[in-house]
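The values are calculated or read from the model by the stated rules, or taken from the named source; none is laboratory data. None of the values given here were measured: they were computed from a predicted structure. Glycine gets a Cβ as well: all are built from the backbone with ideal geometry, and neighbour counts include every protein chain shown.
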Amino acid sequence: MSEVAEAVSVLAAGGVIGLPTETVYGLAADGLNPAAVARIFAIKGRPTAHPLILHLADASELDRYAREVPERARRLAAAFWPGPLTLILERSALVPDAVTGGRSTVALRVPGHPVALEVLRRFGGPLAAPSANRFGSVSPTTRAHVLADLGDDVPVVLEGGACEVGLESTIVDLSRGAPRILRPGRVGSLDIERVLGEAVLGDDGDGPAAPGTLESHYAPRARVVLCEASEVVERARASTEAKVGLLVDDACQVPSEARLVVRRVGGTAASAAHELYAALRELDEAGVGVIFAEHSFGGGRARTGLDLAIEDRLQRAAAGR
Ligand code: TXA
Ligand code: MG
């Protein structure tokens, strides 16, 4: 049996699999089977009030799982799906309470990864999937990350390479009229405004958080300190920790000192997003007590898209656990 065929049979039996997507790896189960969805929460150790995203094979399925599909949703789906955008809509009666935590809305997305799409098509139904990490830790962007976190509980984790985007999807709430960003991701407010021709709310880091989004959600074990690129080296050297991590871009010059552990994430926002979670994990594994991270990578400080998403995740990591 091929790996995908095995994964589909596990899903059909109400089981849970590790599923690569273009953002992060997901922990997927049959989204219409409450017992299967309950297994996701049990494995992750996640409070059941935190709603899950329902992943679809195609935008044509919007009408099955949303009670009303506003014109805005159709336009965003046409522009960005398959891709790293999640839409919050009023749910249809088909969506179980287990997925939405009893809310009247549901989060829907068509992932832009060939393996995820093949599994969705062959399974023939929607898959509920949060990120495939233990609750509160850094999201996985490789199969090895999933196995390290959840390998004992999830026998099938499909290989899909390192996730292209590397940060979770943008979440846009369309259930209350004007579009509102609940979680920044690669699809930024400017991208959305270009498609809809209207202003988007809440893409400024001050907007309302998605329900169940904790400050500490993306935290590694080590403490994270955000600094300006110009002071990151100085502050790391001044630290009294035995081992000190630096998360910096390619341009940063770091003197070689045995106790400094340097992890570079390239020179652009795209490379930094792609590398960020793997870098936090590696610094944890190196045993650093603290991580000094540059505030903005590749010089970018755009208030939208990946720049904002990176800053959002770093700020949450810095908020600690
Ligand atoms: O990129 C992603 O979105 C990844 C991949 C696997 O698709 N998934 C992911 O899932 O990040 P998770 O469970 O880690 O985050 C889903 C977020 C949560 O913050 C949750 O609060 C929000 O989606 N969410 C889900 N349903 C919602 C709803 N009805 N209203 C508002 N927010 C919702
Ligand atoms: Mg998550």
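Numerical summary
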item	result
Condition broken by THR142, with the remaining ones in (1) in contact with a strand residue (DSSP E or B) (Cβ under 9 Å, 6 or more places away or on another chain); (2) modelled with pLDDT of 95 or more; (3) more than 26 Å from ARG194 (Cβ to Cβ); (4) not hydrophobic (A, V, I, L, M, F, W, C) satisfied	(1)
Matching residues in the range 1-60 - criterion: being small (Gly, Ala, Ser) and in a helix (DSSP H, G or I)	ALA5, ALA7, SER9, ALA12, ALA35, ALA36, ALA38, ALA42, ALA59, SER60
Some residue of the range 17-36 being within 12 Å of ligand 1 (Cβ to nearest atom), more than 24 Å from GLY161 (Cβ to Cβ), over 17 Å from the mean Cα position of the chain (by Cα) and at pLDDT 95 or above	yes
Some residue of the range 123-136 being more than 15 Å from ligand 2 (Cβ to nearest atom) and more than 22 Å from SER9 (Cβ to Cβ)	no
Hits in the range 111-135 - residues which are within 11 Å of ligand 1 (Cβ to nearest atom), part of a loop (DSSP other than H, G, I, E, B) and of a type in the set (Gly, Ala, Ser)	GLY112, ALA129, ALA132
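Listed here are the residues, each with its yes/no results for (1) of a type outside the set (D, E, K, R); (2) part of a helix (DSSP H, G or I).
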site: ALA236; (1), (2): yes, yes
site: VAL254; (1), (2): yes, no
site: ARG263; (1), (2): no, no
site: GLU275; (1), (2): no, yes
site: LEU306; (1), (2): yes, yes
site: LEU314; (1), (2): yes, yes
